[in-house]
Amino acid sequence: MEIDISQNSGSLDEAEKTGNVSSRELFGKEETAADEEKEFVPAGEPLTSFEYNVKNDEEEEAFTVFQKKYVYKRNWIVTGLFAVVALMFAVSIIKDPSGYLNWVLCFISLVMIFTTWFNTFRVKKYLMKALASLEDDKYRFTLYDDCFKIETVFTEEEMAAEDFVPVKPRIVRFEDISLNIIENSRLFIIILRKETIYVLSKRVIEEKDQTLLRDKLKEVLGEDYETKEL
């Protein structure tokens, strides 16, 4: 399952400001990465490969973890700054309640705090609604020494349809990607370039595959592999 927040926003910072997100695979900027991957062939045999799906509540949990790591910190900084400004104008109002401008500026500061957090939760609500229809989709994750591959698994009926269009597998090379992984008690959350999130649920991954995946990615990523609530 891929959660892509790069379309129309170009970066995480812009996505935080505008709330623009999208949920389908291989949007906009990913086309360049896909072109670069056309001639790439993984080295050696797969270390492991498994099929999986992702429930909507797991997607929501993963996106919440993502927001806590990359969005909440900025939100608290903005909240602190505007809270200080609002307090300054509140003091001025107490000293001179007739000062109309102080009331307006204090109100604007409070609105900015509200908008900052409202947009954060609005983005998540919008995204979960968009992803709900993909809950039954199946994917295959394949791990190699130098990369991993994620591809959509289609049913025979889907492939037999006249309008069927194959989706090119996504190959992520360890040597040239900005990659972070957060593991908690239920999920492996893969974050690419702070723009795209893949969610692997432990619910459908055998213990031996979890161990292999964990050991390999820790070896490759070092400090960029985080564990929470284990």
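The values are calculated or read from the model by the stated rules, or taken from the named source; none is laboratory data. As the structure is a prediction and not an experimental result, all values here were calculated from the model. Glycine also receives a Cβ, built like all others from the backbone with ideal geometry; neighbour counts cover every protein chain displayed.
I171 satisfies every condition listed in (1) at pLDDT below 90; (2) within 18 Å of P42 (Cβ to Cβ); (3) surrounded by fewer than 17 Cβ atoms within 10 Å (Cβ to Cβ) except (3).
When residues in segment 110-129 are screened for being surrounded by fewer than 14 Cβ atoms within 10 Å (Cβ to Cβ) and in contact (Cβ under 8 Å) with a residue 40 or more places away in the chain, 1 of them pass.
If the requirement is being modelled with pLDDT of 90 or more and either acidic (D, E) or at positive phi (or both), which of these qualifies: E36, E58? Residue meeting the stated conditions: E58. With respect to K208, is the statement that it is under 14 Å from S49 (Cα atoms), surrounded by fewer than 14 Cβ atoms within 10 Å (Cβ to Cβ), among the basic types (K, R) and at pLDDT 85 or above true? When the stated conditions are applied, K208 passes them.
Results for (1) more than 16 Å from E51 (Cα to Cα); (2) within 21 Å of the chain's Cα centre (by Cα), shown as yes or no for each residue.
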{"site": "C147", "(1), (2)": "yes, yes"}
{"site": "E151", "(1), (2)": "no, yes"}
{"site": "E158", "(1), (2)": "yes, no"}
{"site": "V172", "(1), (2)": "yes, yes"}
{"site": "L179", "(1), (2)": "yes, yes"}
{"site": "N184", "(1), (2)": "yes, yes"}
{"site": "R193", "(1), (2)": "yes, yes"}
{"site": "T196", "(1), (2)": "yes, yes"}
{"site": "K218", "(1), (2)": "yes, yes"}
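Residues in segment 57-88 that are in contact with a Cys (Cβ under 9 Å, 6 or more places away or on another chain) and surrounded by fewer than 16 Cβ atoms within 10 Å (Cβ to Cβ) were compared, and the one that is nearest to F118 (Cα to Cα) is L87. Quick one: would you say E151 is at pLDDT 80 or above and either out of contact with any helix residue (DSSP H, G or I) (no Cβ under 6 Å at 6 or more places or on another chain) or surrounded by 14 or more Cβ atoms within 10 Å (Cβ to Cβ) (or both)? Criteria met by E151.
Take L143 and decide whether it is among the hydrophobic types (A, V, I, L, M, F, W, C), within 19 Å of V54 (Cα to Cα) and modelled with pLDDT under 90. The answer is no for L143.
Selection of segment 189-230 for residues being under 21 Å from K69 (Cα atoms), touching a residue at least 12 places away in the same chain (Cβ under 8 Å) and among the acidic types (D, E) yields E195, D224, E226, E229.
Considering (1) free of Cβ contacts under 8 Å to residues at least 24 places away in the same chain; (2) within 30 Å of G222 (Cα to Cα); (3) hydroxyl-bearing (S, T, Y), the lone condition that T152 does not fulfil carries the number (1).
Being in a loop (DSSP other than H, G, I, E, B) and loosely packed, with under 12 Cβ neighbours inside 10 Å: is that true of E223 here? Spelling it out, it is not the case that E223 is in a loop (DSSP other than H, G, I, E, B) and loosely packed, with under 12 Cβ neighbours inside 10 Å. Being assigned to a helix (DSSP H, G or I) and modelled with pLDDT under 90 is a description that does not apply to T79.
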